[in-house]
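Asks: Quick one: structure below, then a few questions.
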Amino acid sequence: MRSARGLLRVCLTSDPDNFPKCVDDADAVTRSVPAGHRALDFAGLPHGDYAVAVIHDENGNAKLDTFAGVPKEGFGFSRNPRILFGPPRFTAARFTLGSDADVQQVKMRYLL
């Protein structure tokens, strides 16, 4: 994280059609936590395939700010896939939750 300002907005979903935004996914788990937070626990998830998207909403306006289509705020995804143009597909960020102790580390990226 480049700063502790704002919020981390986290989306965890098992629905490829609603990744990374989780807009129409009633089963998605979304959280907003202070940007100084370094870990989240998603207890009680059934085993299966999931993907996580994280936005560092530094100004707290509930969206990823961009300039000419390039994110001005930080972002990251489970499995830290390579980013070319736009967000990765669900399959690139997908991980299989097979036990209660599974951990995903998300590397935050800042382009501007």
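The values are calculated or read from the model by the stated rules, or taken from the named source; none is laboratory data. What you see is a predicted model, and the numbers here were worked out from it, not measured in a lab. Please note: Cβ atoms are built from the backbone with ideal geometry, for glycine as well, and neighbour counts cover all protein chains shown.
Asks: I'm told THR30 meets every condition in (1) without any contact (Cβ under 8 Å) to a residue 24 or more places away in the chain; (2) within 24 Å of LEU112 (Cβ to Cβ); (3) not in a loop (DSSP other than H, G, I, E, B) except one. Can you identify the failing condition by its number?
Replies: (2)
Asks: Read through the list (1) out of contact with any strand residue (DSSP E or B) (no Cβ under 7 Å at 6 or more places or on another chain); (2) surrounded by fewer than 16 Cβ atoms within 10 Å (Cβ to Cβ), then give the number of the only condition that ALA92 fails.
Replies: For ALA92, the exception is condition (2).
Asks: Determine whether PHE19 is surrounded by 14 or more Cβ atoms within 10 Å (Cβ to Cβ), over 16 Å from ASN61 (Cβ atoms), at pLDDT below 95 and among the hydrophobic types (A, V, I, L, M, F, W, C).
Replies: no
Asks: Now a separate question. Give segment 82-109 a look and list any residue that's in contact (Cβ under 8 Å) with a residue 40 or more places away in the chain and either of a type in the set (Phe, Trp, Tyr) or not in a loop (DSSP other than H, G, I, E, B) (or both), or say none.
Replies: PHE90, THR91, ALA93, PHE95, THR96, LEU97
Asks: Just give me the residues in segment 22-66 being surrounded by 12 or more Cβ atoms within 10 Å (Cβ to Cβ), among the acidic types (Asp, Glu) and closer than 18 Å to VAL106 by Cα, in sequence order.
Replies: ASP49, ASP57, GLU58
Asks: Can we say ARG79 is surrounded by 13 or more Cβ atoms within 10 Å (Cβ to Cβ), among the charged types (D, E, K, R) and not in a loop (DSSP other than H, G, I, E, B)?
Replies: Details: surrounded by 13 or more Cβ atoms within 10 Å (Cβ to Cβ): yes; among the charged types (D, E, K, R): yes; not in a loop (DSSP other than H, G, I, E, B): no.
Considered against the rule, which asks whether it is surrounded by 13 or more Cβ atoms within 10 Å (Cβ to Cβ), among the charged types (D, E, K, R) and not in a loop (DSSP other than H, G, I, E, B), ARG79 comes out as no.
Asks: Take segment 67-76 and flag every residue that is assigned to a loop (DSSP other than H, G, I, E, B), surrounded by fewer than 16 Cβ atoms within 10 Å (Cβ to Cβ) and in contact (Cβ under 8 Å) with a residue 24 or more places away in the chain. Break it down stepwise before answering.
Replies: Going through segment 67-76, the residues assigned to a loop (DSSP other than H, G, I, E, B) turn out to be 68-69, 72-73.
Add one more test, that the residue is surrounded by fewer than 16 Cβ atoms within 10 Å (Cβ to Cβ), and what stays is 68-69, 72.
Within segment 67-76, LYS72 is the sole residue that qualifies.
Asks: Do the conditions hold for ARG9, that is, is it surrounded by 12 or more Cβ atoms within 10 Å (Cβ to Cβ), of a type in the set (D, E, K, R), within 16 Å of the chain's Cα centre (by Cα) and assigned to a loop (DSSP other than H, G, I, E, B)?
Replies: Values: surrounded by 12 or more Cβ atoms within 10 Å (Cβ to Cβ): yes; of a type in the set (D, E, K, R): yes; within 16 Å of the chain's Cα centre (by Cα): yes; assigned to a loop (DSSP other than H, G, I, E, B): no.
No; evaluated as a whole, the condition is false for this residue.
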